[in-house]
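What follows draws every value from the coordinates through simple rules; no lab data is involved. Remember, predicted model here, so these are calculated numbers, not experimental data. Every residue, glycine as well, gets a Cβ built from its backbone with ideal geometry; the counts of neighbours run over all protein chains shown.
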Amino acid sequence: MQPFNIRPDKLSQEMTDYSRKLGKGVHNLMNAGEIDEGVTPRVEVYREDKLCLYRYQAPSSVVQKQTPLLIVYALVNRPYMTDIQEDRSTIKNLLDHGQDVYLVDWGYPDEADRSLTMDDYINGYIDRCVDVIRERHNIDKINILGICQGGSFSLCYSSLHQDKVKNLVTMVTPVDFKTPDNMLSAWVQQMDVDLLVDTLGNIPGDMLNWTFLSLKPFALTGQKYIGMADVLEDETKLKNFLRMEKWIFDSPDQAGETFRQFIKDFYQNNAFLNGGTDLGGQQVDLKNITCPVLNVFAEHDHLVPPAASKALKGLTGSQDYTELCFPGGHIGIYVSGKAQAQVTPAISDWLDEHS
């Protein structure tokens, strides 16, 4: 084994450079200011309980499509990931391609919401938001883009309300919850979810967040902070880093009864494949979905493995099913430059073709 050949002058220079980076970084951190939550102008068009329905403002030079698009995000994180910064915004990109974009912001559930069920979210909140949009545009059907858990909710909604859905896009959406490579699913198979919910009521967002981080502990809790020194000097890169950090740790609590049913029906009983999900006295059956479906998934997704999403093929009653594979991860599919160039334009083009 060759001994390390560390030159004192080189070591001194590296230490000097590192100290300079830290000094500049502290200055930039002190002057970073407030970290924003989304960058695209929007207006509130409907509010109910903690929920807020927003419509995003398109550039004046863009002619918007006639059929609006409703984005249904997951409950477990905040939806501004889709609008994190101007040059990496799924929402802004959709607007630039002429889509008329609405988004459901679930807000922050508290103890008053612990009894909210999946039926309340899907047949209640989502359905009323859809009706608000239909009435505003005087149309019978709208387009829906469901993301992650929001995609699972959108599948349930489309199954029960197909008459209101023109086109359905699912994005990094779990369908088969028991694929062999799904570590998150493996962890919860033996979990006593009844004891958890009966004890805690709402499920703390921090607890869920640390569970997700534990799926890739070195990369998500250590490695990125080691590399942080390389972005401290650059104000723009630092602001982008802080936006991501804010989003990662901005995790709402989960309404206890909805968490109970979602874990038991989907993660433990794999309901999309095996049946058994009851919402308001109706059984969710994906064969009821007859509208065109675009299923978008990420090749290197550690939260929703590709196989978990690709299982949707053949489960719906649609004769028009398309898949789009993105060569990236669960977060990169929203924020990477490659996603902005490939995924969002492809979604918009597909919607145009089916309008």
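Could you list which residues have their amide H under 5 Å from that of A298, counting only those 5 or more apart in sequence or on another chain, with H placed in the peptide plane?
Here V172, F326 satisfy the definition.
Fully extended, how many nm does the chain gain between S355 and D181 (0.36 nm per residue separation, minus their Cα-Cα distance)?
Extra length available between S355 and D181 comes to 59.0 nm.
Based solely on C-alpha atoms, express the radius of gyration and the Dmax of the stretch 262-355 in angstrom.
Cα-based Rg and Dmax for the stretch 262-355 come out at 15.0, 44 Å.
In the structure displayed, which of K164/K338; K50/K237; K92/K178; K92/K237; K141/K239 lie more than 31 Å apart, Cα to Cα?
K164/K338; K50/K237; K92/K178; K141/K239
Mean separation of Cα pairs under 8 Å and 6+ residues apart, divided by the residue count of the stretch 282-355: what relative contact order is that in percent?
34 percent.
Going by amide H atoms built from the backbone, whose H comes under 5 Å of the H on V72, apart from near neighbours?
Under 5 Å from the amide H of V72: L145, G146, I147.
P(r) tail for the chain, what percent of Cα pairs lie past 39 Å?
18
Distance between Cα centroids, the stretch 231-273 to the stretch 306-355: provide it in whole Å.
Cα centres, the stretch 231-273 to the stretch 306-355: 20 Å.
For I126, what charge total do you get from the other residues with a beta carbon under 12 Å from its beta carbon, if Lys and Arg give +1 and Asp and Glu give -1?
Combined, the nearby Lys, Arg, Asp and Glu give -3.
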